[in-house]
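We did not get these values from a lab; they are worked out from the coordinates using the rules stated. Values in this document were obtained by computation on a predicted structure and should not be read as measured data. FYI the Cβ positions are ideal-geometry reconstructions off the backbone, even for glycines, and counts take in every protein chain you see.
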Amino acid sequence: MLTTSAPEAVAERLRPLLLHLNRDLRREALPMGVTVGQVALLAAIREEPGVGVQGLAKRERMSAPAMSGYVDRLEAAGLVIRGPVEGDRRRVGLHLTDSGRRLLRSTRRLRTAWLAERMRRLSDEHLAALEAALEPLAMLGRDERPA
């Protein structure tokens with residue numbers, strides 16, 4: 001017979017597991033010579049090409065002056081360029097350079113390989129259970145209810 005635990009009980013068990021897994025995955029960027037925060041900013045710029053420093057700061061919930069310093073470092077490293085925004089020549093937006101895109105691809109490959117290696121240790125039943133949990137976990141991030 002299938003029983004369902006209260007959401008609070010499941011959340012209490014799931015939260016530390018997700019935090020630990022996230023921390024380990026984030027560490028995989030360190031050998032690339034960038035910080036976890038820099039990778040996150042590069043990913044945000046990739047998702048929204050042309051975003052301005054102020055928009056990026058708002059999205060990341062930090063001050064515009066602090067974000068400007070982070071962007072300056074990414075620009076100095078050759079990962080980001082500032083350029084005109086299409087349709088509004090007055091605005092300056094952020095774009096990834098080829099090096100920035102390569103770094104994100106490499107980071108993604110490292111993280112995927114790290115996770116796949118650990119998943120290879122699981123039984124077929126556990127791997128199937130993880131696969132079955134993907135959609136409900138994705139819904140948590142999108143704040144959706146199942147149909």
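Step by step: first the residues of segment 22-45, then only those that are of a type in the set (D, E, K, R) and surrounded by 15 or more Cβ atoms within 10 Å (Cβ to Cβ), then the one that is nearest to A66 (Cα to Cα). Which residue is that? This residue is R26. Restricting attention to segment 114-135, does a residue exist that is under 16 Å from the mean Cα position of the chain (by Cα), closer than 23 Å to R27 by Cα and of a type in the set (D, E, K, R)? No, the conditions are met nowhere in segment 114-135. Pairs linking a residue in segment 56-67 that is under 19 Å from V39 (Cβ atoms) to a residue that is of a type in the set (V, I, T), with Cβ atoms under 9 Å and 6 or more positions apart or on different chains, are L56/I45; L56/V71; R59/V51; M67/V53.
Among the candidates R105, R111, single out the residue that is assigned to a helix (DSSP H, G or I), in contact with a helix residue (DSSP H, G or I) (Cβ under 7 Å, 6 or more places away or on another chain) and of a type in the set (D, E, K, R). Just one listed residue meets the conditions, R111. On inspection, A76 passes the criterion of being exposed (fewer than 12 other Cβ atoms within 10 Å of the Cβ) and either closer than 19 Å to A40 by Cβ or touching a Pro at 6+ places or on another chain (Cβ under 7 Å) (or both).
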